[in-house]
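Engineer: Before I ask anything, here is the structure I am working with.
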Amino acid sequence: MAMTVLGRKLVRDAAGSWVLIVAVAIMIAVGGASYIAMMSSYRNLERTKNHFYTQCRLADFWIDLKKIPSGDARRLARLPGIAEIRNRIQFQVMLDFPDSVKPVGALLLSLPDFRSPIVNSIIVRKGTYFTKEQDNQVILSEKFAEARNIHVGDRVRTIVNNQRRELIVVGTAISAEFVYLTSPGSMLDQPGSYGLMWVKRSFSEKILGFEGSANSIVGLFSGLSLTGRQQLLETIKREVDGFGVFDATLRNKQFSPLILDAEMTELRSMALTMPLFFLVVAALVLNIMISRMVEQHRSVIGTLKALGYSSFRVGMHFVKFSVVPGALGGVLGCILGWVLGSVMVEMYLLYFSFPRLENIIYPGLYLAGLCVSIGSCVAGAMKAVWRVVRLEPAEAMRPAPPPVQRSVLVEKFTGLWQLLDVQWQMIVRGVLRNKGRTAISVFAAATGSAIVLLTFGFVDSLDGLIETQFSKAMRSDIHLFFGDEMPYETLDDVRRFPGVLQAEPVLNVGCSLKNGSRKESANVAGIRPSSDLTTLFDKEMREVFLPSAGLVMSARLMEKLDIRPGQTLELTPVKGIRRTVRVPVVQQYQSVIGMGLYADIHWLNSLLKNQGAINEVRVKLSPDEVLRHHFLVRIKSLPRIETIMDIEGQKAAMVEQQDRLMGYTAILMVGFAATIFFGTILNTSLVRLSELGREIATFRTLGYHDFEVANQFLKENLMINLAGTVIGLGLGYWMLIYTMDNFTTDAYSMVVYLYPESLLYTVLLTVLFVVAAQLVVNRKIKRLNWLQALGINE
Amino acid sequence: MADGIGEEMIMPGAGFKNVAPLVRLENVCRTFFMGEVEVKVIRGVDLEIYAGELLIIHGESGSGKSTLLNMIGGIDRPSSGIIFFNGNELTAYSEKELTEFRRNQVGFIFQFYNLIPSLTAVENVRVATEIATNPMDEAEALELVGLGDRLDYFPSQLSGGQQQRVAIARALAKRPRLMLCDEPTGALDHETTEKILQLLHRINKETETTMVMITHSSALLAVSDRSVTLSDGKISGGRHRRAG
Ligand SMILES: Nc1ncnc2c1ncn2[C@@H]1O[C@H](COP(=O)(O)OP(=O)(O)OP(=O)(O)O)[C@@H](O)[C@H]1O
Ligand SMILES: [Mg+2]
């Protein structure tokens, strides 16, 4: 089909204002790309998750107990609503690697000796499932094996139940139960220092003294609503109560599914909000651009209508013009979205274990991205176009009525007004007369700087989290967890190890808490009242002092239990004598990991009628490398140690994560914000330039240099954008609070930190963006044929 | 739709008054509102325009000549009064019918040419022919106005007189029944004015197109069929060269 003359005009006009079009297109592309990337990541994750969960037959519920005969566990299957029950053995174990001084731990899990279709099965990635040959075969989690460079056929040494065992690696595997794996009490996965070890059921029964019994029950429900499931779980708990239930969780509260779901929810809400900012700003900026264009084309519009073109056809011509940046941005967005999507897949594979995660192209999604891109442009143009197109042709052909030259309000304050030089007077008039445009520019600057501030705030918050968690709240280096309650003397044993500067006792008691109808399970950590190693803080970072009686509770848990400081609740320990007591909640503190509870160790011991028991020792080590080394070697031989928590390692992992991931994300986000600033400043400046053509020409004939004219634009842009940034700082802070709130789950609580420097950097970046965009504007001003601008004067 | 238009044979030449007029204005008024102020520009004009004639409208600047012409051409609507075109009530046309009318029946020529800057001469003509029902070839139209060798020039590459000739070709090319010229030579020098007016006169005679022209130039007065003067928003007499 041959192109119509108007089509040709469109192409030429578009080519003539390519800078503006590209500027808008890039904003659109960023919006479209972030939508496509995040939305397809969401779908990729969902697809993979569903597939993985089904393939591994992921359990609906988990019950941890002290010990239960397998027969009793199996009998649960008879309860109505339970489709399948499996009992197994799980233990925290330590591994011994000659090349690693740092403690390495693992969760040991039993699997049937012969492969069968069980609940929570595994997918073997390398090697094989167990064979008949040896008892001591082990299958390792894939990430762990890769990080520690362990291959099929290698042997690993573990300390299980105080005995050294050598295990033969027959394979590596992944499990839907542990898509996200961290060592207990840690926020981040550290693949090299914590892993999964699957061993034969027969072997685990033998080495752990669990012949014919188990300490973990997993199972599937048949149908049932959420409340039905909760009720049934309570029933099961009652059934097995005599065997010492520690914990009972439904799938949605289980750590790995919880983290994955939280990530996905966050991803989807981001996918639906973030692109909006870019698309809305792009639409508004396009509206400015098209308005100006239509204004300039007023007589062309009149002529076309006089020639017999219908209003619709003339309108469509300009609307089509807006399709150009929309389509260009949409296509760019699809490409960029695919690239970003692929990067996100790679990123998720770093943290999550999936059989495979691919960046699939969802045609519907890409099409939607394209349509939304074009749609937002058309929407932005529509109003501007219609305003002029509906005029009678005779009216359109007359020059637009001059804007009512009312003096702006400030001019009334003559004293003040006289203080401004002519250029500033022009700026102030321009800004106040074009209220709509000024508002859009301010809005764009606010959005851009809000995104920058949000990014900085995110980095700050992670930084603050690391800082408070590891430098202020927890000043210990190593936490030693014991499998059983130990006498107080154990503390003295630890203190005698080389390199120990300080060692403090902790008693952890798993409890179920009940306030009215609300129930939660949590761990109460009993610590020394004036601990040197552990300090609690409230939301405002004020120190919280441990009361001599009663609990200090994390904000999240208080919310869940609907309880306020000063009230009491029912507490039942899950281990030992499970006597229910009423205890007061004295204070609130801000926890980072989990929904913590603290109490005075002496009070806790007396509550449990214990004689000074401990089950954890927190240690501060000497900075001396040699002494540390000795300490780490020696503690491995300490009896009854179940886990060693390497706080330093955690901190290092956090810092690395911060540098690695947040670095790129921050650069990307600031880059995205830059497109908003650039697109808006370029467009408004160039539009203003074409409006002010005659004024500029006049200034030039009066002997002003081009840079003096340019300065006026710089001043105007700085004024508008700094005003926008001030709003943006508020908006960004609000978005930061909202985002952090979204990231807060039962597993982690995020606190907002924002360093004052970040505010300053945001403002400086705004200035930088304005100045950079100004360089393009300057070039335009230099090239401006101002003599012609004067000549056009009809 | 402007049905029936163009089917009736219009007799050219003398004795215009004996046939039904192509255009008839009955008590046409036009009032503009500028904020609070009401400006009555046309205050009851009765006028008949005959097929094939060349009618000249005189009047002082600001007397409302352009306003009147715009209403005749269907690019503006009267505040009151009726305009008939070829027996059809133009003033009752819908937006769509009016567009159709402009597309096929009227050719406009403006003082400032109103060419589209990003289109070449031939493309500027094509803008009109592309939507007309029975147009001329664009090159032929440009040939007629003596621009056969400037087809691919952009308006900025043409002189004022040449640009106006492109505009004339644009109006001509769709073979309109009615050609409306609003000071077509207003922006041109004396010599070029002569040439353009001669060209328009030639077109009027050779194509038998009805032509209404606003001009201050006396060059055409001698050859025009009729001239009327607009003052105080009313037609105040005129000279009828051939009538009666
Ligand atoms: N759209 C409009 N809004 C307000 N007033 C208008 C409008 N169009 C025309 N006028 C007014 O109507 C009057 C007549 O205008 P018009 O352009 O018809 O005059 P003219 O006779 O063509 O003058 P000239 O010879 O200078 O072209 C003028 O006073 C003008 O200000
Ligand atoms: Mg006029």
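The values are calculated or read from the model by the stated rules, or taken from the named source; none is laboratory data. Keep in mind it's a predicted model, so treat the numbers as computed, not measured. Cβ: placed from backbone, ideal geometry, glycine included. Neighbour counts: every protein chain shown. The accessibility values were calculated without ligands, DNA or RNA, using every heavy atom of the protein model including side chains. Shrake-Rupley method; radii C 1.70, N 1.55, O 1.52, S 1.80 Å.
Engineer: Among the GluC sites (Glu not before Pro) within segment B:147-244, which fall in a DSSP loop and have no more than 16 other Cβ atoms within 10 Å of their own Cβ?
Structural biologist: B:Glu208
Engineer: Sticking with this structure for a sec: Once amide H atoms are placed 1.01 Å from N in the peptide plane, what residues at a sequence separation of 5 or more from B:Leu55, or on another chain, have their amide H within under 5 Å of its amide H?
Structural biologist: Close amide H contacts, sequence-distant or interchain: B:Met211, B:Val212, B:Met213.
Engineer: Let me ask something additional. Within a 10 angstrom radius of each residue's Cβ in B:89-101, how many Cβ atoms of other chains show up on average? Whole number is fine.
Structural biologist: 2
Engineer: Full extension from A:Gln567 to A:Val767: what is 0.36 nm times the residue separation minus their Cα-Cα distance, to one decimal in nm?
Structural biologist: 66.8 nm
Engineer: Let me ask something else about it. Probe radius 1.4 Å, ligands and nucleic acids left out: which of A:Asp113, A:Asp659 has the largest accessible area, and how do the rest follow?
Structural biologist: A:Asp659, A:Asp113
Engineer: Under 1.5 on a/c is rounded, so check that first for chain B, then, if it is not, pick prolate when a/b is larger than b/c and oblate when it is not; a ≥ b ≥ c are the square roots of the alpha carbon gyration tensor eigenvalues.
Structural biologist: Judged from the Cα gyration tensor, chain B comes out rounded (a/c under 1.5).
Engineer: With the calculation restricted to Cα positions, what are the radius of gyration and Dmax of segment A:600-651 in angstrom?
Structural biologist: For segment A:600-651, the Cα-based Rg and Dmax read 14.5, 41 Å.
Engineer: Moving on. Hey, which of these cross-link pairs are over 23 Å Cα-Cα: A:Lys237/A:Lys560; A:Lys49/A:Lys200; A:Lys237/A:Lys514?
Structural biologist: A:Lys49/A:Lys200
Engineer: Run lengths n ≥ 4 of DSSP H only: what is the helix-derived mean residue ellipticity at 222 nm for chain A, with -39500 (n - 2.57) per run over all residues, to the nearest 500?
Structural biologist: Dividing the helical sum by the residues of chain A leaves -17500 deg cm²/dmol.
Engineer: Let's see if you can work this out: charge +1 on each Lys and Arg Cβ, -1 on each Asp and Glu Cβ, no other charges. What is the dipole magnitude of segment A:59-259 about its Cα centre, in debye to the nearest 20?
Structural biologist: With only Lys, Arg, Asp and Glu charged at Cβ, the dipole is about 180 debye.
Engineer: Quick one: which residues, 5 or more positions from A:Ala59 or on another chain, have an amide H under 5 Å from its amide H? H modelled 1.01 Å from N in the peptide plane, none for Pro or chain starts.
Structural biologist: The list, which skips near neighbours in sequence, is A:Asn120.
Engineer: Which listed residue (B:Ile214, B:Ile196, B:Ala171) has the Cα farthest towards the positive end of the charge dipole for segment B:122-228, taking +1 on Lys and Arg C-beta and -1 on Asp and Glu C-beta about the Cα centre?
Structural biologist: Of the listed residues, the answer is B:Ile214.
Engineer: So, one more: Stretch A:Glu489-A:Ile168 to full length: gain in nm at 0.36 nm per residue minus the Cα-Cα span?
Structural biologist: 111.9 nm
Engineer: Going by a ≥ b ≥ c, the root eigenvalues of the Cα gyration tensor, does segment A:167-280 fall in the rounded group (a/c under 1.5), the prolate group (a/b larger than b/c) or the oblate group?
Structural biologist: oblate
Engineer: Per residue, how much accessible area does segment B:16-147 have with a 1.4 Å probe, in Å²?
Structural biologist: Solvent-accessible surface per residue comes out at 39 Å².
Engineer: Taking the Cα centre of segment A:194-322 as the origin, how large is its charge dipole in debye, to the nearest 20, when only Lys and Arg (+1) and Asp and Glu (-1) carry charge on their Cβ atoms?
Structural biologist: Result for segment A:194-322 is approximately 840 debye, rounded to the nearest 20.
Engineer: Right, something else. Post the alpha-carbon centroid distance, segment B:140-183 to segment A:130-178, in whole angstrom.
Structural biologist: Their Cα centres are 89 Å away from one another.
Engineer: Evaluate Rg over Rh across segment A:666-792, taking Cα atoms for both radii and Kirkwood's formula for Rh.
Structural biologist: 1.17
Engineer: What aspartates and glutamates sit close enough to A:Lys305 to cross-link, taking a C-alpha to C-alpha distance under 18 Å and skipping anything fewer than 8 places away on the same chain?
Structural biologist: Candidates past the 8-residue exclusion: A:Glu295, A:Glu392, A:Glu395, B:Asp76, B:Glu95, B:Glu97, B:Glu100, B:Glu123, B:Glu130, B:Asp182.
Engineer: Next question, about the same structure. Count of lysine pairs in chain B with Cα atoms under 26 Å apart, counting only pairs 8 or more residues apart in sequence or on different chains?
Structural biologist: The result is 14.
Engineer: Going by amide H atoms built from the backbone, whose H comes under 5 Å of the H on A:Tyr748, apart from near neighbours?
Structural biologist: A:Gly594
Engineer: Follow-up question, since we're still on this one. Please work out the Kirkwood hydrodynamic radius for segment A:59-259, using every pair of different C-alpha atoms, and report it in angstroms with one decimal place.
Structural biologist: About 17.5 Å for segment A:59-259.
Engineer: Mind listing the phi-derived Karplus ³J(HN,Hα) values for segment A:602-615, rounded to whole Hz, using 6.51, -1.76 and 1.60 with θ = phi - 60°, and x for any glycine or proline?
Structural biologist: Karplus-based 3J(HN,Hα) across segment A:602-615 equals 5, 4, 5, 4, 5, 4, 8, 6, 8, 9, x, 8, 9, 9 Hz.
Engineer: Using θ = phi - 60° and the Karplus relation 6.51 cos²θ - 1.76 cosθ + 1.60, list the HN-Hα couplings for segment A:25-37 in order, rounded to whole Hz, with x at every Gly or Pro.
Structural biologist: Computed from phi, the couplings for segment A:25-37 are 4, 5, 4, 4, 4, 5, x, x, 5, 5, 5, 5, 4 Hz.
Engineer: Determine the shape class of segment A:561-690: with a ≥ b ≥ c the square roots of the Cα gyration tensor eigenvalues, call it rounded for a/c under 1.5, and otherwise prolate if a/b is greater than b/c, oblate otherwise.
Structural biologist: oblate
Engineer: A further question on this structure: Quick one: ranking A:Met289, A:Met382, A:Met750 by accessible area, 1.4 Å probe, largest first, what do you get?
Structural biologist: Result, largest first: A:Met382, A:Met750, A:Met289.
Engineer: In 5 Å bins starting at zero, report the fraction of Cα pairs in segment A:416-461 per bin as a rounded %.
Structural biologist: The calculated distribution, bin by bin, is 5, 20, 15, 14, 12, 12, 9, 8, 4, 0.
Engineer: May I pose another question? Using a 1.4 Å probe on the protein heavy atoms, what percent of the accessible area of the protein assembly as shown belongs to carbon and sulfur?
Structural biologist: Here carbon and sulfur together make up 57 percent of the probe-accessible area.
Engineer: Next question, about the same structure. Using the Karplus curve 6.51 cos²θ - 1.76 cosθ + 1.60 with θ = phi - 60°, work out ³J(HN,Hα) for each residue of segment A:676-686 in order, rounded to whole Hz, and write x for Gly and Pro.
Structural biologist: Karplus-based 3J(HN,Hα) across segment A:676-686 equals 5, 4, 4, x, 6, 5, 4, 4, 5, 5, 5 Hz.
Engineer: Still on this structure, I have one more. Quote the total accessible area buried by chains B and A together, excluding ligands, DNA and RNA, probe 1.4 Å, nearest 100 Å².
Structural biologist: The buried area between B and A, both sides summed, comes to about 2200 Å².
Engineer: Just want the answer: with Cβ charges of +1 for Lys and Arg and -1 for Asp and Glu, which residue in A:Phe443, A:Pro69, A:Thr4 is farthest toward the dipole's positive end in chain A?
Structural biologist: A:Thr4
Engineer: Okay, moving on. Tell me, Kirkwood radius of chain A from alpha-carbon pair distances, in Å?
Structural biologist: 30.7 Å
Engineer: Any idea what log10 I(q)/I(0) is at q = 0.10, 0.16 Å⁻¹ for segment B:99-244, Debye with uniform C-alpha scatterers and no solvent?
Structural biologist: -0.34, -0.84
Engineer: Could you rank the peptides A:760-769, B:31-40, A:542-551 by their average count of other C-beta atoms within 10 Å per residue, with the highest value first?
Structural biologist: Descending packing order for the listed peptides: A:760-769, A:542-551, B:31-40.
Engineer: Let me ask another. How about segment B:118-150: which of its residues lose at least 20 Å² of accessible area in the presence of all protein chains relative to their chain isolated, using a 1.4 Å probe?
Structural biologist: SASA drop of 20 Å² or more in segment B:118-150: B:Ser118, B:Leu119, B:Glu123, B:Arg126, B:Val127, B:Glu130, B:Ile131.
Engineer: Please name which of A:Ile681, A:Met39, A:Tyr488 has its Cα lying farthest along the dipole of the protein assembly as shown towards the positive end, using unit charges on Cβ (Lys, Arg +1; Asp, Glu -1) and the Cα centre as origin.
Structural biologist: Towards the positive end, the residue furthest out is A:Tyr488.
Engineer: How many angstrom lie between the C-alpha centres of segment A:257-279 and segment A:668-722?
Structural biologist: 36 Å
Engineer: In terms of the ratio Rg/(2.2 N^0.38 Å) built on C-alpha atoms, what value belongs to segment A:616-720?
Structural biologist: 2.38
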